Amino acid sequence: MTLARADRPQRSPAASRATATATADARDARRRRLRGRLTTWAFVAPLVLYLAAFYLYPLYRNVDLSLHHYTVRSFVDGDAPFSGLDNFRQVLGDPTFWPALRNTMVFTLVSIALQYGAGLALAVFFNRRFRLSGLLRALFLIPWLLPLIVSSSTWAWLLNSESGLVNFGLHLVGVAPVDWLTSPAWALNSVILANIWIGIPFNLVILHSGLQNIPADLYEAASLDGANAWQQFRRITFPLLRPVSAIVLLLGFVYTLKVFDLIWIMTKGGPGDSSTTLATWSYRLGFGSLLPQFGPGAAVGNILILIALVFGLLYIRVQRRQEA
Amino acid sequence: MITPVRRSRGTTAIGLVLTALMLFPVYWMLNVSLTPQQDMRKSPPDLFPLHPTFSGYQAVLRDQLPYLLTSLLIGLGTVALTLLISAPAGYALARLRPRGGGAVSIALLVAQMVPGIVMAMGFYGIFVDLGLMNTWWGLIVADSTIAVPFGVMIFVAFMSGVPDELTAAAKMDGAGAFRTFWSVVLPVSRNAVVTVSLFAFLWAWSDFVFANTLDSGGDWRPITLGIYRYIGNNNQEWNAIMATAVVASLPAALLLVLAQRYVAAGVTAGAVKD
């Protein structure tokens, strides 16, 4: 609003002649300011209404679902009895809860650690100048751009027990076939592998753009001082990349936490609960069977939001501090 | 940093090998989509499509065309809705400094953290209440929630950089906020419009969670459900499944060829994907 005030044309000295004109002027200014504010609101209001209707309201519905005892019938009729925190208690006491929480953490942490490692190595590699580097870097984006159902089903076929190419490769080097997606020991690792493949491009692109902001003369000075490539990475690249790294890792955490499609398409969270995460468990409770348990499903979803929000707020704080 | 040509050639070779490794699953999808059904479980598998068949693609044309058209419609609808909401809001947040603008920005960041599955369950309840289940335009509304926060952030970032002289000149010519937005700021923000449209389309096209929860019984179902149904029903016909996957990947491939600049810009602008 201060901006609009400064922009207004300066009052001419003649205006001070009469107080009448001055009050008219003030009224005029007030009207103009009001109109400016209304125009601004006309631009923002659709977004605010949109967020209220399509973010806040679904979230409210979700909390509401988790606090009532819903059945298919009461879902349609809308007369489900209030049940307090029963759904949360039921979910926390469920034998699936701890495995799902553990799998969510393993899936998320292992995924982002390896995505970040591979992405950083590739970013450093692509930061060297060589022919075709721009083109190859663009091609690296493909896994990230593909619809998840496409990449998930491709990986499912590669890892297929009988006819998958991975087991054929193992057969060539004399290793017995592995039930990648159908054995409890391997299912989680397999979905993590596919998820890392999808996440590498995102890490590569952001870290690469971070690298380009590091001044080249730092490296020149370092190599004049006789620092080798590893020392340059340890002493220059890694420390100066820390702010970008923090953002990539936190965003990666929040996004990996909610991965659903990939796991559901490859293993449906199975066998048993061996690759079930909070996201797939929530879906399975709410939609996965003929007897949906909306209340507990929503409760699991809300627990997932809580975890995401903690790290999301951390991300916002880190980002704010960097902008300041 | 000047690198000797010979070393650069070696680096290019390493780069090619790395890229080939990374893209191998994509190549394999293409290869399987062209493999005849009887060779599918052959050992050793053919590493190249020596006897290519297009029967998989014929199956796509036969079974999946309605799904593809629905996805196109939903993708375009999502782009329109996203632009309609996010471009004016981005302009206001970047240039008009509304009261509470900071709160809106934080709300947008937080909105991006909400898991899709939670949104899906909330929408499910609302859609059942309002009788919107299994409608294509209900799906457009749901899909747009993936893109709108991202869109506003891109527009804010871009429109903040529009030179003050331009808007000041428009004001001198007597243009109000609406005119300044429509005839000055929006045209020079073409790049932002392209980036937001690209990602809105791609995310709507790729969406599976909303489609499967909100539109699984409709007459108008998107291609992701077409593939999912294929996997569920006849999990023997892998060349048809992979052919559908190839066709479903075409928009992403096209984007990369035609608009790589915008894609990279979108990813770096703090892009989102779940």
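Dipole magnitude for the protein assembly as shown: computed about the Cα centre from +1 point charges on Lys and Arg Cβ and -1 point charges on Asp and Glu Cβ, it is near 2400 debye. Accessible surface comparison of B:40, B:133, probe 1.4 Å, protein chains only, largest first: the order is B:133, B:40. A simple rule links phi to the HN-Hα coupling: the Karplus curve 6.51 cos²θ - 1.76 cosθ + 1.60 with θ = phi - 60°, which for region B:140-150 gives 4, 4, 4, 5, 5, 5, 6, 9, 4, x, 4 Hz, with x for Gly and Pro. With semi-axes defined as the square roots of five times the eigenvalues of the C-alpha gyration tensor, the equivalent ellipsoid of the protein assembly as shown measures 44, 33, 24 Å, largest first. Think of it as helices only: each DSSP H run of n ≥ 4 in chain B is worth -39500 (n - 2.57), and spread over all residues that comes to -23500 deg cm²/dmol at 222 nm.
Largest to smallest in accessible area, the residues B:51, A:208 fall in the order B:51, A:208 (1.4 Å probe, all protein chains included).
Shape analysis of region A:16-66 yields a ratio of the Cα radius of gyration to the Kirkwood radius, Rg/Rh, of 1.48.
Over region A:240-311, what per residue volume does the convex hull of the Cα atoms give, in whole Å³?
89 Å³
Selection among A:52, A:41, A:21 by position relative to the dipole of region A:16-66 gives A:21 as farthest towards the positive end (Cβ unit charges, Cα centre).
For chain A, state the semi-axes of the equivalent ellipsoid (square roots of 5 times the eigenvalues of the alpha-carbon gyration tensor), sorted largest first and rounded to whole angstrom. All intermediate terms of the calculation are to be shown ahead of the outcome.
Working: eigenvalues 449, 278, 53 Å².
Each semi-axis is the square root of five times an eigenvalue, giving 47, 37, 16 Å.
Since only B:170, B:199, B:217 are under comparison, the one whose Cα sits farthest along the positive direction of the charge dipole of region B:139-268, derived from C-beta charges on Lys, Arg, Asp and Glu, is B:170. Computed over protein heavy atoms with a 1.4 Å probe, the accessible surface of the protein assembly as shown works out to 47 Å² per residue. Label positions at residue A:21 and residue A:57, each projected 7 Å from the Cα along the C-beta direction, are separated by 5.3 nm.
When you restrict to C-alpha pairs under 8 Å that are six or more residues apart and normalise by the size of chain A, the relative contact order lands at 24 percent. Label point of residue A:31 set 7 angstrom out along Cα-Cβ; within region B:175-198, amide nitrogens under 20 Å from it belong to B:175-178. Please compute the modelled spin-label separation between residue B:61 and residue A:105, points set 7 Å along Cα→Cβ, answer in nm with one decimal. Using points 7 Å along Cα→Cβ, the separation is 5.4 nm. Give me the percent of the accessible area of region A:88-323 that comes from carbon and sulfur atoms, probe 1.4 Å, all protein chains in place. Ligands and nucleic acids excluded, carbon and sulfur reach 64 percent.
Using a Gaussian network model of chain A in which every pair of alpha carbons under 10 angstrom is joined by a spring, one finds that among A:183, A:282, A:151 the greatest mean-square fluctuation is at A:183. The Cα-based radius of gyration and maximum Cα-Cα distance (Dmax) for region A:91-141 are 18.3, 58 Å. Taking max minus min of the alpha-carbon positions on each principal axis, chain B gives extents of 74, 67, 30 Å, largest first.
For the interface of A with B, what's the total buried accessible surface in square angstrom, probe 1.4 angstrom, rounded to the nearest hundred?
On the way: alone 20490 and 16380 Å², together 28040 Å².
Rounded to the nearest hundred, the buried surface is 8800 Å².
For the residues B:162, A:166, a 1.4 Å probe over the protein chains yields an accessible-area ranking, largest first, of A:166, B:162. Rounded to the nearest whole Hz, the Karplus-based 3J(HN,Hα) values (6.51 cos²θ - 1.76 cosθ + 1.60, θ = phi - 60°) of region A:243-251 follow the sequence x, 5, 4, 4, 5, 4, 5, 5, 4, with x at glycine and proline.
In the protein assembly as shown, a dipole from Cβ-located charges (positive for Lys and Arg, negative for Asp and Glu) runs towards its positive end, and of B:151, A:104, B:189 it is B:189 whose Cα lies farthest in that direction. A cut-off under 15 angstrom between Cβ atoms defines the neighbours of residue B:90, and their net charge, with Lys, Arg +1 and Asp, Glu -1, is +3. Measuring with a 1.4 angstrom probe and ignoring ligands and nucleic acids, residue A:225 comes out at about 140 Å² accessible.
With all distinct Cα pairs included, what does the Kirkwood hydrodynamic radius of region B:89-186 come out to in Å, to one decimal, could you say?
Working: mean 1/r = 0.0636 Å⁻¹.
Its Kirkwood hydrodynamic radius stands at 15.7 Å.
Using just its DSSP H runs of length 4 or more, each adding -39500 (n - 2.57), chain A gives a mean residue ellipticity at 222 nm of -22000 deg cm²/dmol after division by all residues.
Round to the nearest 0.05 the FRET efficiency obtained for residue A:131 and residue A:313 when R0 = 41 Å and r is the Cβ-Cβ distance. The partial results should precede the final answer.
Values: r = 44 Å, r/R0 = 1.08.
So the FRET efficiency works out to roughly 0.40.
Close amide H contacts of residue A:68 (hydrogens built in the peptide plane, cut-off under 5 Å, sequence separation of 5 or more or a different chain): A:83.
This model, with +1 at the C-beta of Lys and Arg and -1 at the C-beta of Asp and Glu, gives region A:88-323 a dipole about its Cα centre of some 500 debye.
Sequence-distant contacts, meaning Cα pairs under 8 Å at least 6 residues apart, place the relative contact order of chain B at 32 percent.
Counting Lys and Arg as +1 and Asp and Glu as -1, each charge on the Cβ, what is the dipole of chain B about the Cα centre in debye, to the nearest 20? If you can, show how the numbers build up before the last one.
Working: 16 positive and 13 negative charges, 170 e Å.
The calculation lands at about 820 debye.
With all protein chains present, how much of the accessible area of region B:195-236 (probe radius 1.4 Å) comes from carbon and sulfur, to the nearest whole percent?
Details: 610 of 1310 Å².
After summing per-atom areas, the C and S share lands at 47 percent.
Using the Cβ-Cβ distance between residue B:48 and residue A:172 with R0 set to 22 Å, the FRET efficiency from 1/(1 + (r/R0)^6) comes to roughly 0.85.
Label reach from residue B:171 (point 7 Å along Cα→C-beta): in region B:78-109, amide nitrogens under 11 Å belong to B:96.
The values are calculated or read from the model by the stated rules, or taken from the named source; none is laboratory data. Everything numeric here is computed off the predicted structure, so don't read it as measured data. Backbone-built Cβ (ideal geometry, glycine too); neighbour counts: all protein chains shown. Side chains included, ligands, DNA and RNA excluded: accessible areas come from the protein's heavy atoms. Shrake-Rupley method; radii C 1.70, N 1.55, O 1.52, S 1.80 Å.
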